[in-house]
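**Student:** The structure that follows is given in the form of structure tokens.
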């Protein structure tokens with residue numbers, strides 16, 4: 001994190017740039033995380049992060065159009081630029097230097113939402129593949145009769161149900177107040193990687209038609225790619241899970 005907020009009297013002066021900010025064109029305010037200090041730890045210096053609420057139109061704060069991306073083309077992303085942007089200490093969300101505590105209050109639920117979204121789209125893609133495999137004929141019979149296609153469908157259905165159960169378990173634990181970070185990480189990790197596998201197999205089953213813009217499979221395949229990146233990459237989720245597994249053995 002490079003954006004910094006420097007304390008000056010009762011205000012903070014913010015400088016830096018944020019990328020891939022969702023729907024900033026229609027927002028009334030943004031939630032900003034910025035570096036406000038540094039602390040010493042056994043592993044070396046660590047940045048201290050503070051969360052801010054900043055209204056649109058604040059002097060020194062500009063919103064610019066973001067990048068044209070392959071996945072979720074209808075999902076607007078924008079660039080936020082802060083140049084000597086001054087805000088009051090009253091704009092601090094939570095406590096100074098405790099920004100990650102604020103973020104953790106909603107990061108888990110967003111990861112669960114990603115998992116559920118992946119499961120839903122997975123079922124739609126599988127449904128399309130079933131219909132295609134049952135009606136598309138090659139060599140005088142439906143392609144679903146060929147083991148190369150039928151086994152793909154079997155793997156897709158099995159992994160899809162596994163992802164659904166993992167997601168439902170995390171949701172149940174959330175409702176019961178029993179959920180931990182690793183529960184959401186497992187659901188997000190498995191469901192997003194399942195969707196990548198499933199949509200890639202879907203393209204293979206449809207063949208060249210799977211890449212046609214007129215076919216919804218093409219969009220599902222493209223959109224699936226970002227699920228392993230936003231709300232924490234697959235690598236981050238694996239880090240959360242492995243850290244939880246090893247924590248009881250730490251000295």
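**Student:** Can you pull the percent of Cα pairs in the range 127-175 with separation above 13 Å? Display every interim value, and only then the final one.
**Tutor:** On the way: 744 of 1176 pairs.
The calculated P(r) of the range 127-175 puts 63 percent of pairs beyond 13 Å.
**Student:** What is the gain in length, in nm to one decimal, between residue 127 and residue 219 on full extension, counting 0.36 nm per residue of separation less the C-alpha to C-alpha distance? Mind dumping the intermediate values first?
**Tutor:** Values: separation 92, 0.36 × 92 = 33.12 nm, distance 1.51 nm.
Going from the current span to full extension adds 31.6 nm.
**Student:** Only counting other Cβ atoms within 10 Å, I'd like 183, 10, 83, 223 sorted with the fewest neighbours first. Mind showing how you got there, number by number?
**Tutor:** Numbers: 183 24, 10 8, 83 13, 223 20.
Ordered by Cβ neighbours within 10 Å, fewest first: 10, 83, 223, 183.
**Student:** Need the C-alpha centroid separation for the range 200-237 versus the range 1-53, integer Å.
**Tutor:** Centre-to-centre distance over Cα atoms comes out at 33 Å.
**Student:** Let me ask something else. Using R₀ = 30 Å, calculate the FRET efficiency as 1/(1 + (r/R₀)^6) where r is the Cβ-Cβ separation of residue 8 and residue 117; round to 0.05.
**Tutor:** Details: r = 42 Å, r/R0 = 1.41.
Efficiency, rounded to the nearest 0.05: 0.10.
**Student:** Could I ask something else about it? At a temperature of 25 °C and a viscosity of 0.890 mPa s, determine how fast the range 103-249 diffuses translationally according to Stokes-Einstein, using the Kirkwood radius over alpha-carbon pairs as Rh; express D in µm²/s, rounded to the nearest whole number.
**Tutor:** 152
**Student:** Working out 0.36 nm times the residue gap between residue 244 and residue 17, then minus their Cα-Cα distance, what length gain in nm do you get to one decimal? Could you put the intermediate results ahead of the total?
**Tutor:** Values: separation 227, 0.36 × 227 = 81.72 nm, distance 3.26 nm.
Once the chain is fully extended between residue 244 and residue 17, it gains 78.5 nm.
**Student:** Right, something else. Report the calculated FRET efficiency for residue 212 and residue 95 (r = Cβ-Cβ distance, R0 = 35 Å), to the nearest 0.05.
**Tutor:** On the way: r = 53 Å, r/R0 = 1.51.
It comes to 0.10.
**Student:** With no solvent and one point on each alpha carbon, what is the Debye value of log10 I(q)/I(0) for the chain at q = 0.16 Å⁻¹?
**Tutor:** Ignoring solvent entirely, the Cα scatterers give -1.19.
**Student:** Shifting gears a bit: With a ≥ b ≥ c taken as the square roots of the eigenvalues of the C-alpha gyration tensor of the range 4-97, please select rounded if a/c is under 1.5 and otherwise prolate if a/b is larger than b/c or oblate if it is not? Write down the numbers at each step before the final one.
**Tutor:** On the way: a/c = 2.42, a/b = 1.46, b/c = 1.66.
Here the range 4-97 falls in the oblate category.
**Student:** On a full-extension model of 0.36 nm per residue, what is the gain between residue 70 and residue 58, subtracting their alpha-carbon distance, rounded to one decimal in nm? Let's see the in-between values first.
**Tutor:** Details: separation 12, 0.36 × 12 = 4.32 nm, distance 3.17 nm.
Extra length from residue 70 to residue 58 when fully extended: 1.1 nm.
**Student:** Can you give the angle from 0 to 90° between the axis of helix 181-206 and the longest principal axis of the chain, with both taken from C-alpha atoms, to the nearest 10?
**Tutor:** 40
Bear in mind that the values in this text are calculations on the coordinates, not laboratory data. Fair warning: this is a prediction, and the values are worked out from it, not measured in the lab. Reconstructed Cβ throughout: ideal geometry from the backbone, glycine too, with neighbour counts over all protein chains shown.
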